[in-house]
Every structure is written in C-alpha cells, then in structure tokens.
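The next block holds one structure in the form of structure tokens; read it before the comments.
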Amino acid sequence: MPQSQPEPAHDAIRFLLDGELVELANVDPTRTVLQYLREDKLRLGSKEGCAEGDCGACTVVVAETAAAGGLRLRAINSCIQFLATLDGKMLFTVESLQKPGGELHPVQQALVDCHGSQCGFCTPGFVMSLFALFKNSAAPERREIDAALAGNLCRCTGYRPIITAAERMYGYAANGATRWLDQPNTCNEEPRDEELQMTARLKEIRRSRALRLDSKGRQFYAPRSLDDLAALVLQFPQAVLLAGGTDVGLWVTKQHRQLETIIYTGQVSALKRIARSASYIEIGAAVTVTDAMPVITDEYPELQEVFERFASPPIRNAATLGGNVSNGSPIGDSMPPLLALGATLVLRKGERNREIPLDEFYLGYQEKALEPGEFVESLRLPKRTSDLQLACYKISKRFDQDISAVCVAIALQLDAGKVTDIRIACGGMAAIPKRAEHCEAALRGQEWSEPAISNVLSELDKDFSPISDMRASDQYRRVVCKNLLLRFHAETSGAVVSVYDYGR
Amino acid sequence: MTMGADKNRRDVPIRGAVGSALPHDSAHLHVSGAALYTDDIAEPRNLLHIALGMSTRPHARIHNLDLSKVLAAAGVVEVLTAEDIPGKNDFGPVIADDPILAPGLVQFVGQPMFAVAADTVEQARRAARLAVIEYEDLDAILDLDEAVAAKSFVLPSEKLQRGDSGAAISAATHSVSGRVRLGGQDQFYLEGQIAMAVPREGGDLYVYSSTQHPGEVQHTVAAALGKQNKDVIVECRRMGGAFGGKESQPAQIACIAALVAARTGRAAKLRLDRDADMIMTGKRHDFVIDYNVGFNDEGEIEGCEFTFASRCGMSADLSGAINDRTMFHSDNAYYLKNITIVSHRCKTNTVSNTAFRGFGGPQGMFAIEYVIDDIAACLGKDPLDVRRRNFYGTTDRNVTPYQQTIEDNIIGEIVDQLERTADYRKRRAELQNYNENSRWLKRGIALTPVKFGISFTATHLNQAGALLHVYTDGTVHLNHGGTEMGQGLFTKVAQVVAEELQIDIDRIKITASDTSKVPNASATAASSGSDLNGKAAQVAARTIKERLIVFAAEHYGVRRDEVRFVNNHVYVGATELTFAELAHQAWFARISLSATGFYRTPKINYNRATFSGRPFYYFAYGAAVSEVVVDVLTGEHRLLRVDVLHDCGQSLNPALDLGQIEGGFIQGAGWLTSEELCWNTDGALTTHAPSTYKIPACSDLPVDFRIAMLESHANREDTIYRSKAVGEPPLMLAISVFHAIRDAVASVGDHKSSPLLQAPATPEAILRAITRMQGGDL
Ligand SMILES: Cc1cc2nc3c(=O)[nH]c(=O)nc-3n(C[C@@H](O)[C@@H](O)[C@H](O)COP(=O)(O)OP(=O)(O)OC[C@H]3O[C@@H](n4cnc5c(N)ncnc54)[C@H](O)[C@@H]3O)c2cc1C
Ligand code: FES
Ligand code: FES
C-alpha cells in the first residue's frame, strides 16, 4: 500500500457503488445489502422475494479485482449478504445499468423486446444475473443460460422469453458499445481504460489492517491475515465465524437472531488460496464454491453435476466450501463426495495446526470436532488414483437450487472385477453426513455385479435410519439409497441411467 | 391545420393497434427497476411497520393473550387484538366467517391473533415473537378423510346429476373405480401480500393495496373501521403477481394496516415476509377424488360418478364458487350423458384455501382425465383414442351436465391438428420401442385437451366500468376497474382505446386501479379482465368519439359519416386535423371530453339452485402433448418436449397471450410435479419458503417447447375484437405432463394396468407408483 494513500478508518466501511466511493460508519454488522439499498439508498429496484437467497429478486453484482488484472464480476443475493462484507468491493445494482439519457442496457432491452417480464417483480434480479452472464461469457448455450439463471425464480413467464433474451442480448451490444457496462464478456479480455480506472479505484480503497466495527456493542471483525484471524478466534471463542454468510445470513433474516460478535474470514487472503502438492489439492476455507468447483471437477469430472446443482450461482459465488463443511449440515452436498474421496481438514487454533480426516469431524447433529477457539483453515482433497471410479447423485424435488433429499457419493476401486475398496458416503440419511460402513465392508472383496450388490443392500439399513420430512419419507430415502448403488453399477457397465443424462 | 389527406398516413397503423404484439406497458420500468410496487411507494412521514402474531395451534381457545412484553419491546408503538376492531371483524368475501384477527378462538396454525406496530420492520417482527399465550387445545381436523367422516363442511355439499349414472355403470360392459389424491398449490407470487394505509383528514383513509379486488378491500376496510365506503379509497397500480392469491386475502392485510393507521393517526404498512405469507394465506384446494365409471368396448363413457372432497380450510372464503367450478369442469371436453357429481367442501383446521388460476376448474379436469387414462389402460387402447371417442359433438352430444349447449366446440379440430404437428403417433410407436429396450429409463407421452368456461359463475360479477378523459392536447387518461398483476391487462385495454380513437398508445396514460374512479368493480379474475374491462373502455371511448363526430360534423358542416379517425388524425370531409386539434376545438366549444363506459356480459343466466343454465358466455380451448422420461430407480423425471395448440380467438396482443400460455403451462406443470405442500402432524405447514416449496425453475422448461396459437379463429361471441380470455385455460394444458409421467410409469407394467399415481408427481410419488406396478410397496 503506497504511503500517499491514507489507510482507511478501521471502523468505517468503504466500497464503490457504480464506481463512486461510499464510506459508512457505524454500520450495523448484520444489516444486509438489500436493507441498505432499499431503506437507506432508496434504490428500490432490488426486491425482497424471500430473504433467504432462494428467489433471486434481490440479485446484485459485486466486482473485485481479478487475479489477471481487471474486474471480476459476480452475482450475489443481497438479501442475505451483510453490508460490512462489501468493504473494499464494488457494487452494481439494477439502477446501475441504464444510460444517463434513459437508454436501456443491452440486457434490459433484450428483455423488453423478448417479453421477458410480466409482473416484473422478479425482473431486476434476472437483469442482474443476466448482466453477470453477459460480462462473463460469450454466446452461452441453453445449459449455461439455465445454470446462470438457476437462482432466479419467475412465477409468471415460464422462463422461455427470458432464455430467448439471454440468447439475444449479445446482439444488442454488437454495434460498438462504448461503455464498459455495455460491452459483453470483457472479463476474459485485456482490461481497457474504463475498467482499469475502476480497478485502480478499488486498489485505492483496499486496506492493509483489519476492519473493526462496533455498533451498539455488537462487533464485526474482518482480519486480513491468518495470524490475526487465529488470534481473534482464540480471543472470542463464542464469536460467529462468517464466511459467505449463506447459512449465517439466514440466522438473521429468517430466525431473527441477534449476533453479538462476528469474525469475517472473507478478507483473509491466505484462506482463499488453492494449492497443490504431490498427493492432494489444498483448498482454503474461504474459497468460494464457485472457485473451488473447477479445481475439484478438473480432478473429478464426475462431480460436475452435483456442483452445478449446489444451490445457485449467486449462492455459490458467496458460499465457501469451508463454510459448507464447517456447518456440517446433514444435507450439505459437498460432504458426501469429500467423504467418499477421503478428504481431510486442516484445523487451526492459535498457532497450532492439526489435520484430521473429514470422517472424524462430524460427531453428531450440529456437533463437530472443533475445540473452542479452533477453526477450519483448509481442506485437503486427495488426488485421483488411476483406477478410481466415482459417482455422486443428488436426489431432490427440483433439479436446480434444491436441497438434497438424499445425496450419495461412491468411490470404487476394482481389481479383476472384484471390489478392492469402496467408500459410500451419504447426505440426508442420518443426523450427519456419514459413510455406509456396513455396506462398504460387505462389498469389499466381492465381485462387482448386480447380484452381489443386491445381496448386501440390506446392510444399508444397518448404516442408516433416516427421518421423514417435507423433502422425503424415511422409506423413500432408504429405497433410493439402495437403488443408487444399483444405478452406479449400471453406469459402471456403460448404461445411461439418469434422466439428466438422457439425450444429452 | 393541414388541408388534404395524406394518403400514406391511412396505410400506416397507429402504434399499439389491437392485434399488435406490443411489449407490456411497464416492461421498460420492470427492467430498469423503476416500476413501483406497493412497498416502493414513497413512505409517508412517521410510517409504522406492522408484524403479526400468529397462532401456533390448529384449533384452540385463547385463554390468555399476554402482550405486555410485546408492548414493552423496543420501537413498539401499538398492539392490536380483535377487541380493538371498532367495526366488523371479518373479511370473508361471501360469508362472514373470516376474522381479521382471531377473537379468542384460533382455527389454524398461522392465524393472526394480534398486530404489532413499530418504527421499523425488524422491531415489529422481533416484538411479535414475545407474546405469551395460553391455549386450550380443541380437537382439530387436519385431513380430508377425517373431515368427510365427521361431516365437517364449510358449506353444504352439492350434487349435480344428469341421467342415471348408477344404472348406466351397472349396465356397462366395463367399469373401473378408484380414488386419487391431488395436492394443492401455493400461488407463490414473487411480491408477498402488502398494504399501506395513510390517514387523511376527517378520518378518511387512503389505502395502497396489492390486490386483484380494490373494491372489496375498500368495502371491507370501511366495515372493519365502522366507516362508510365513501371514506376509504383504495389504489393499486400493479401487483408483483397474484394468480388468485390476491383476490379475497388482501382485504385482511389492508384492514390491519388501516386499523393501525386509524388508531394511531400514522401511516402504517403491513408487508408479510415469505414465511408468514405462505403460512397465513390460502392456496389452491387439495382434493380427494373418488370415481366410478362404466364404458363400452370402444371406451365410450356410459356413466360416470365423481365424489370430490376438497380442503377449504377453516372458512368458506371463495370455496363455494371454486368447488362449483370443479363440478362444471369435471366434463372437460367430454360428453357425459349419465353423470353424478357430489362435491364436499370440507372444513379443516388449516388455512382457508382460496382462488388460484383455474379456480377449481383444474381439479375437475384432472379428475376426468385421470378416468380416461384408466379406461384406456383397461381396454389396452391409446388414451388419445378414448379421449376422441368421448369428445363433445358439435351438433349433438353437445349439452353439458349443467344444461348449457356448447355452440363453439372446436376441440376436435385442435386435437387433430396437434396430433399431426406434434407427430404424436409416430413418437408413441418410437417410444414404445425405446421402453422395451430400456430397463431403467422409461419414456411416456400424453395428449390432453382443455375446454374452459369463461365468465364468473356468479352472474352479477360479470360487469365492468371504465373512465376516460381526453385532454386538450389530445392525450388520454384511461382508468378501469381491472387490475394489473403482470398479465398485461392494462396494455390490452389501452390497445382497445388506441384502436377506437385511432391514436398512438403512448398518448394514453394508463393509470392505477382506483376505487374513486371506477366504483364497485369486480375482482380481476376468472380470466375475464380483458373481456369485461376492454368492452367497458371501448364503450367510453366510443362515447367520446361519438361526441367528437357530432361536433365536427356540425362545426365543419359535413355529414357524420364523413368524419373519420385515422392514425392520430381526423378527416372531416376534406379537412384534416390532428386528433389533438379536434380535441382542443371540442373543448373550446364546450363539449364534454370525459366519459364512463359500462359493460355487462350478455346471454349468461344461470340458476345456482338447480345447477343449470348458461353460466359461461363461451369456452376457450386448447390441447397439449407432453413427453417425459422417468427413472424407475429414483422416480425422477424430466420433461423432454411439449407441443401446445391454444385458442385465443382473435388475439388482442399475441405476445402477451403467448406469455400467458407459456407461463400458465409451466405453472400447471409445477402444480402437478414439484410443488408439494406438506403439513406436520400438529397442523403446521412445513413448506413455507422457496427452500422447501419448489416452483419450477429455468431448467425445468423443456428444451423443446413448441407453442402455437390457433390461427384465424375469431370468437363466435361478440367479445372485445373477437378475442378470447387466456389467463387461466393454459394452466390446465399441463395435465398432459402428469399423464405423460403416468404413461411412462404404466410402461413398467407393460401398460396392462393404470398406475395409481398421486399428484404432485414428485420423485417419491412416482417411485411409489412404480413400486406398486412392480407388485411392491413403498
Ligand atoms: C438458497 C440456498 C441454497 C442452498 N443450496 C445448497 C445446496 O444445494 N447444497 C448445499 O450443500 N448447501 C446449500 N446451501 C447452503 C450452503 O450455501 C452453505 O452451507 C454454504 O456452503 C456455507 O458456506 P458459507 O461460506 O456461506 O458459510 P457461512 O454461512 O458463512 O457459515 C456457515 C457455518 O460455518 C461456520 N464457518 C464458516 N467458516 C468457517 C471456518 N473457516 N471454520 C469454522 N467454521 C466456519 C460458520 O460459523 C457457520 O456456522 C444453500 C443455501 C442457500 C441460502
Ligand atoms: S430475496 Fe429472495 S433471494 Fe434474496
Ligand atoms: S414476471 Fe412475475 S415473477 Fe417473473
């Protein structure tokens, strides 16, 4: 940080709104970006449809400096994002796009022309998700469009006209857009003047020391170094660790809980690193699911679908893998594959590090092997062994943006048609994400055949006694878990067994 | 003033003529975030925010409601209970059984008992959780079977009968009977229920309400406050979706806001969060349907019997008319010569169910389509052949069970055309072949028709008013009793006025629904918005136009038929004026440039006591073919292709109509597949947010989605520009999705029997049906 640039006050947040500096003191640590926009700024375009990250009516775009220079744009859900996490970032809302003269942005004009709005309440959110797509991707195909819009619900249009608009929006920018905002897909290009200026402004507001907010006795800390973080967590063992806030945010917006002390991990650059060793890939606890996904699927392409179906892009852009694993929900989607692959966690307490297998992390419902003052520093994912066969299946009522009724991951090793090793890990089947130890044991050494598998399926009843809830009955969970093993067998023999693979 | 006609001008149509595919009038505001919904309206000084305290018991007497902690909480200004309501504590649209705030007795989990007003929303919501309540639990009826057994009904059961169905079924060569459960559906409008009440001088109130029925909100608020209708004005510019959910229920929300405003003298806003909205407000009725049908070798139905039991919840709300419509649509497109329909309107200790796109019609149609599938399975026929065999005739076999002669039947034509364009037969053969060779994945296909009756079945509601002003610059202020919920009604009505006056649509100001401009308007519902309000606005426009013609003819000394309105101009004999010039001249000559228009639907007359007459002015038709693939191991399915052919008459706006067809279809598909409402054993809804209640998302749209509108079919009846209503009918096209799934499941048992598949067809419901086909049990 050049000395000419005064270090920003440690008790006020600074961010750019449409490129303009906003500095706010006394920020309530759990005030959401949506509340700020609607109540303080009277930017009324962003809507609240659910306050839980599920409908997308509140979608906004956040920009940070990209590793390669230039800006990196991400759609997020403003309803569950705490305002204080915007410190050092740049925010765009639906109001950012229109030209001063009133002319619409290509995304907006395409939506108008394709009849993409009816009641219009979902529309600002779609505009922002499409804007992120517009800037991040060129000529996306239908599947990419679906994926980009997975976090936006529309009850009126049935989506077809919105998809058409997504296909056509690039055409509106074709004839020489002069504003950076109107230029499609610049994120993968060399940044030009306007973008460089914005990047420079972002650098200007970057701070080197921790942010510390105090609002009526409630604290918000955003340390920047790992040591600072470790010290804070040790100092405030009762504090809530906040990463992407896609779980924590809902404690506030849905459960109306009052959080006293919050320690935000999202500014600790050491936690955002992805590193490789000879035997594993190490993913920092604050790496977002969006960023972790390509690294993981590069190594394990079989996990593509489950990560694509993990929440939605705006949630994945905020949510961290570390948060998913730390939260340890029995229906979280990353744990079954990570358990099946034998991932480990690096835990940090004060100056001490220790590594434990993920299997040993979950002790019981909402109970983890974390000591007071300890936190997750990173996750280590073993590299692929040559003869591994892997699958991960997510079963839910809806393909996109749904929570698993059952999630099953299976990692298999065969030798001459016999099972040398198998690890089966399930979500939705117990109070914690859990391996099917009885079934695994019964399969080891067996021939990998349908009759042999069918023979041992009842072992799964020893492993799991699932509950009934609104996502599925216990009976269904039991049966499907078994059937997914059969599906896996059929797939290892070359059959197409999933409706999502059919015809694709 | 220019002399001599510009020939070209006559060939150029105005912008926004009837039939043009104009975007929604607010589209540019929607996309820029500038469209104002109720929560976006500038907040008055000192606005109070309200939250509600809701019952946690399904049926209980409230022994003690201790609100002291609520009152003491930070920011709280006022707490209201039933006792604080000066007027009538009721918002029931038909029967007075819907308390605004529960008076000592709660009848469902989520029923509001008190309202807290505070300086901020968070303060109000936090405070509402602090009440200490002592309940005395009473027996609760939570499911339909219990309700029927206990004869717990909100309204008397009804019976509609023609011929002797019992005898016909016994005499028939074949018969099948069964029972199917059909789930409800949450409207899930993206904008939750909301109202803001602003006190005005002399105790008057101005209420902004997100409502399909401003008139009823006005009347209900006045009654609750012990005021008169004249003391309350209700305004609604637009809703963020409604789908029937904002027909009767906004009155409750508005009443609470108005009560707080009246008591405190401060403006007050009540906005339900998503959970409160889903827990507290009614949904589409779920049904248990018992059926019994007799038929011949060809699948022709000889006799048919239905017993419908629907969950009305704790009060009658609109359940009477909704269940009547179920009865009226359990024929769908089929001639049922001997038919008995019994309808039970069950009272349960759950939220009072209400209107939702289709208004009971979808459930009736679902029932007969289910039966037709069973017949086909029993006879080993293609269900389409059985469907066709039973279609209403055009000259005979064309009288409905409720004695209306169908004069506009085009279902045969639509189905013939769709069967061809969708390649139905070839695909069925191909799919059969696929299924024989596929062990885990099975495909299914179905073609189902829709015939939907247009009009409110309550005859008196089929009326509408409009108000039109022309200003001296030739621009127009348009108002009517309809409301805008995204369907594009305001655009369509403005197109009608543009067409009548021959002026560009952007010269017309579309204005908020407002009870002080058009009084006593019916709800915008029953798909009738454009039919009614379009006609009323047309009358108003014609009245003004007629005055202008009389004036111009006199002023310029020409015959009246020499005055013509063309493309923003008026030709008066050889003189050409702009519309604005004529308006100005007319004003100068002291001609009134303001008019009302009124319309009542002709021909309909219907006797509810005998369930006979002509409840519907006409019918809207359509048909759809859906194809799915189902996974027999998990019950997951995916919709592969949909072909639709729908009848919009002569469309007022093909782009908006297409939007209604597509949107309605996907919404209907959600109802029958992924949208599942669950209650726990304590009567609490467990699916009260989008995290647990899954409406269709983008990727649920089939990759191959082919929608066509029936070409060149003007409405036989004299509707507005011979168009047809299109709001509700397309929803029911999605019944084809359900039957395609059923078809795929049936293939597991080689189509030897018809699977018992419950709706919604979630993966679990599908796997259960498959397991049963395989002789197992899940
Ligand atoms: C709309 C929506 C859809 C979702 N869909 C899915 C889905 O499909 N699949 C799925 O698995 N999940 C889903 N989730 C949940 C998922 O987003 C979260 O579990 C997420 O991964 C948590 O990450 P986060 O960074 O947001 O964590 P936060 O919310 O910030 O924190 C989560 C928990 O982890 C703790 N924590 C965070 N970081 C650390 C650390 N370094 N060390 C110790 N503890 C830590 C926090 O204190 C907190 O208890 C969904 C959530 C939403 C809102
Ligand atoms: S309001 Fe629904 S996602 Fe934010
Ligand atoms: S346009 Fe109404 S929800 Fe999308």
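The values are calculated or read from the model by the stated rules, or taken from the named source; none is laboratory data. Being a predicted model, the structure only gives us computed values, none of them experimental. A quick note on method: Cβ atoms are made from the backbone with ideal geometry, for glycine too, and the neighbour counts reach across all protein chains shown. Keep in mind that these areas ignore ligands, DNA and RNA; they rest on the heavy atoms of the full protein, side chains included. Shrake-Rupley method; radii C 1.70, N 1.55, O 1.52, S 1.80 Å.
Which residues, taken from region B:649-662, are under 22 Å from B:ASP704 (Cα atoms) and more than 7 Å from chain A (Cβ to nearest Cβ)? It would help to see each step written out before you state the result.
Pass one, region B:649-662, residues under 22 Å from B:ASP704 (Cα atoms): B:654-662.
The answer is B:PRO654, B:LEU656, B:ASP657, B:LEU658, B:GLN660, B:ILE661.
Does region B:147-168 hold any residues that are in a helix (DSSP H, G or I) and closer than 23 Å to B:ILE95 by Cα, and which are they?
B:ALA147, B:VAL148
For region A:394-423, name all the residues that are of a type in the set (S, T, N, Q) and touching a Leu at 6+ places or on another chain (Cβ under 9 Å).
Within region A:394-423, the subset of a type in the set (S, T, N, Q) is A:396, A:401, A:404, A:413, A:420.
Result: A:GLN401, A:GLN413, A:THR420.
Evaluate region B:150-172: report whether one residue or more is more than 30 Å from B:GLY613 (Cα to Cα), of a type outside the set (A, V, I, L, M) and open to solvent by 50 Å² or more (accessible area, probe 1.4 Å).
Checking region B:150-172: not a single residue is more than 30 Å from B:GLY613 (Cα to Cα), of a type outside the set (A, V, I, L, M) and open to solvent by 50 Å² or more (accessible area, probe 1.4 Å).
Evaluate region B:115-124: report whether one residue or more is open to solvent by less than 40 Å² (accessible area, probe 1.4 Å) and more than 14 Å from chain A (Cβ to nearest Cβ). Full working, then the answer.
Let us first name the residues in region B:115-124 that are open to solvent by less than 40 Å² (accessible area, probe 1.4 Å), namely B:115-118, B:121, B:124.
Next, from what is left, pick out any that are more than 14 Å from chain A (Cβ to nearest Cβ): B:115, B:117.
Within region B:115-124 (the criterion being open to solvent by less than 40 Å² (accessible area, probe 1.4 Å) and more than 14 Å from chain A (Cβ to nearest Cβ)), the answer is yes, since at least one residue qualifies.
Could you tell me how many of the residues in region B:185-215 are surrounded by 24 or more Cβ atoms within 10 Å (Cβ to Cβ), of a type outside the set (Val, Ile, Thr) and either within 23 Å of the chain's Cα centre (by Cα) or under 14 Å from B:THR281 (Cβ atoms) (or both)?
Residues in region B:185-215 being surrounded by 24 or more Cβ atoms within 10 Å (Cβ to Cβ), of a type outside the set (Val, Ile, Thr) and either within 23 Å of the chain's Cα centre (by Cα) or under 14 Å from B:THR281 (Cβ atoms) (or both): 16 in total.
What tally of residues in region A:456-501 results from selecting those that are touching a residue at least 60 places away in the same chain (Cβ under 8 Å), open to solvent by 20 Å² or more (accessible area, probe 1.4 Å) and in a helix (DSSP H, G or I)?
Selection size over region A:456-501: 2.
Taking the stated definitions as given, is B:GLU216 of a type outside the set (A, V, I, L, M), over 30 Å from B:THR762 (Cβ atoms), part of a strand (DSSP E or B) and at pLDDT 95 or above? Before the answer, list the steps.
Values: of a type outside the set (A, V, I, L, M): yes; over 30 Å from B:THR762 (Cβ atoms): yes; part of a strand (DSSP E or B): no; at pLDDT 95 or above: yes.
The answer is no for B:GLU216.
Kindly check whether there is at least one residue in region B:665-686 that is part of a helix (DSSP H, G or I), within 9 Å of chain A (Cβ to nearest Cβ), touching a helix residue (DSSP H, G or I) at 6+ places or on another chain (Cβ under 7 Å) and closer than 30 Å to B:LYS347 by Cβ.
yes
Would you pick out the residues in region A:100-144 that are at the interface with another protein chain (Cβ under 7 Å from one of its Cβ atoms) and in contact with a strand residue (DSSP E or B) (Cβ under 9 Å, 6 or more places away or on another chain)?
Residues satisfying the conditions are A:PRO124, A:VAL127.
Name the residue, out of A:GLY116, A:GLY125, A:GLY151, that is within 16 Å of ligand 2 (Cβ to nearest atom) and in contact with a helix residue (DSSP H, G or I) (Cβ under 7 Å, 6 or more places away or on another chain).
Values: A:GLY116 fails: within 16 Å of ligand 2 (Cβ to nearest atom); A:GLY125 fails: in contact with a helix residue (DSSP H, G or I) (Cβ under 7 Å, 6 or more places away or on another chain).
That would be A:GLY151, the only listed residue that is within 16 Å of ligand 2 (Cβ to nearest atom) and in contact with a helix residue (DSSP H, G or I) (Cβ under 7 Å, 6 or more places away or on another chain).
Quick one: A:SER326 ticks every box in (1) within 12 Å of ligand 1 (Cβ to nearest atom); (2) more than 15 Å from the chain's Cα centre (by Cα); (3) open to solvent by 30 Å² or more (accessible area, probe 1.4 Å) bar one, so which box is it?
The single condition A:SER326 does not satisfy is (2).
Quick one: in region A:106-138, which of the residues that are touching a residue at least 40 places away in the same chain (Cβ under 8 Å) and over 26 Å from B:GLN487 (Cβ atoms) is surrounded by the fewest Cβ atoms within 10 Å (Cβ to Cβ)?
The qualifying residue surrounded by the fewest Cβ atoms within 10 Å (Cβ to Cβ) is A:ALA138.
Criterion first (out of contact with any Gly (no Cβ under 7 Å at 6 or more places or on another chain) and either within 16 Å of ligand 3 (Cβ to nearest atom) or modelled with pLDDT under 95 (or both)) does A:GLY70 satisfy it? Please lay out each step first, then the result.
Values: out of contact with any Gly (no Cβ under 7 Å at 6 or more places or on another chain): yes; either within 16 Å of ligand 3 (Cβ to nearest atom) or modelled with pLDDT under 95 (or both): yes.
Taking the combined requirement at face value, the residue satisfies it.
Given the condition within 16 Å of ligand 1 (Cβ to nearest atom) and surrounded by fewer than 21 Cβ atoms within 10 Å (Cβ to Cβ), answer yes or no: does some residue in region B:692-711 qualify?
Yes, because at least one residue in region B:692-711 is within 16 Å of ligand 1 (Cβ to nearest atom) and surrounded by fewer than 21 Cβ atoms within 10 Å (Cβ to Cβ).
All but one of (1) in contact (Cβ under 8 Å) with a residue 60 or more places away in the chain; (2) within 16 Å of ligand 2 (Cβ to nearest atom) hold for B:THR692; which doesn't?
All conditions are met except number (1).
Collect the residues in region B:230-258 that are in contact (Cβ under 8 Å) with a residue 60 or more places away in the chain, open to solvent by 10 Å² or more (accessible area, probe 1.4 Å) and either β-branched (Val, Ile, Thr) or over 15 Å from B:TYR208 (Cβ atoms) (or both), keeping them in residue-number order.
Step one: of region B:230-258, the residues in contact (Cβ under 8 Å) with a residue 60 or more places away in the chain are B:232-249, B:251-253, B:255-258.
From what is left, the residues that are open to solvent by 10 Å² or more (accessible area, probe 1.4 Å) are B:233, B:235, B:237-238, B:243, B:247, B:249, B:252.
If the condition is that a residue be in contact (Cβ under 8 Å) with a residue 60 or more places away in the chain, open to solvent by 10 Å² or more (accessible area, probe 1.4 Å) and either β-branched (Val, Ile, Thr) or over 15 Å from B:TYR208 (Cβ atoms) (or both), then B:ILE233, B:PHE243, B:GLU247, B:GLN249, B:GLN252 are the ones that fit.
Can you work out which of the residues in region A:307-318 that are touching a strand residue (DSSP E or B) at 6+ places or on another chain (Cβ under 8 Å) and within 14 Å of chain B (Cβ to nearest Cβ) is farthest from ligand 2 (Cβ to nearest atom)?
Quick first cut of region A:307-318, residues touching a strand residue (DSSP E or B) at 6+ places or on another chain (Cβ under 8 Å) only: A:309, A:313-318.
Applying the additional criterion that residues be within 14 Å of chain B (Cβ to nearest Cβ) yields A:309, A:313-315.
Numbers: A:ARG309: 17, A:PRO313: 12, A:PRO314: 7, A:ILE315: 9 Å.
The qualifying residue farthest from ligand 2 (Cβ to nearest atom) is A:ARG309.
Quick one: would you say A:PRO237 is more than 14 Å from chain B (Cβ to nearest Cβ), of a type outside the set (Gly, Ala, Ser) and without any contact (Cβ under 8 Å) to a residue 12 or more places away in the chain?
Criteria not met by A:PRO237.
Give the residues of region A:289-310 that are surrounded by fewer than 22 Cβ atoms within 10 Å (Cβ to Cβ), of a type in the set (Val, Ile, Thr) and without any contact (Cβ under 8 Å) to a residue 60 or more places away in the chain, sorted by residue number.
A:VAL295, A:THR297
Please tell me if A:THR253 is closer than 27 Å to A:LEU341 by Cα and of a type in the set (S, T, N, Q).
Judged against the criteria, A:THR253 is not a match.
Please pick out the residue among A:ALA200, A:ALA165 that is over 26 Å from the mean Cα position of the chain (by Cα) and either more than 16 Å from ligand 1 (Cβ to nearest atom) or closer than 24 Å to B:HIS30 by Cβ (or both).
On the way: A:ALA165 fails: over 26 Å from the mean Cα position of the chain (by Cα).
The conditions single out A:ALA200.
Looking at (1) farther than 30 Å from B:ALA684 by Cα; (2) surrounded by fewer than 17 Cβ atoms within 10 Å (Cβ to Cβ); (3) modelled with pLDDT of 95 or more, which one does A:ARG504 not meet, given that it meets all the others?
Looking at each condition in turn, A:ARG504 falls short on (3).
Picking from B:ALA512, B:ALA498, which residue would you name as being hydrophobic (A, V, I, L, M, F, W, C) and open to solvent by less than 10 Å² (accessible area, probe 1.4 Å)? Quick ask: steps written out before the conclusion?
Working: B:ALA512 fails: open to solvent by less than 10 Å² (accessible area, probe 1.4 Å).
Only one candidate qualifies: B:ALA498.
What strands (runs of 3 or more DSSP E), lying completely within region A:339-386, carry at least 3 residues that are touching a strand residue (DSSP E or B) at 6+ places or on another chain (Cβ under 8 Å) and open to solvent by less than 20 Å² (accessible area, probe 1.4 Å)? Walk me through how you get there before you give the answer.
On the way: elements: A:344-349, A:352-357, A:362-364, A:374-382.
By residue number, A:344-349, A:374-382.
Filter region A:154-172 down to residues that are farther than 16 Å from B:ASP704 by Cα, assigned to a helix (DSSP H, G or I) and out of contact with any helix residue (DSSP H, G or I) (no Cβ under 6 Å at 6 or more places or on another chain) and give me whichever is nearest to ligand 2 (Cβ to nearest atom).
Within region A:154-172, the match that is nearest to ligand 2 (Cβ to nearest atom) is A:TYR170.
Taking B:ASP643 as the residue in question, decide whether it is assigned to a loop (DSSP other than H, G, I, E, B) and away from chain A (no Cβ under 13 Å). So that I can check it myself, show each step before the final result.
Values: assigned to a loop (DSSP other than H, G, I, E, B): no; away from chain A (no Cβ under 13 Å): yes.
No.
B:SER175 passes all but one of (1) touching a residue at least 60 places away in the same chain (Cβ under 8 Å); (2) open to solvent by less than 30 Å² (accessible area, probe 1.4 Å); (3) not basic (Lys, Arg); which number fails?
(2)
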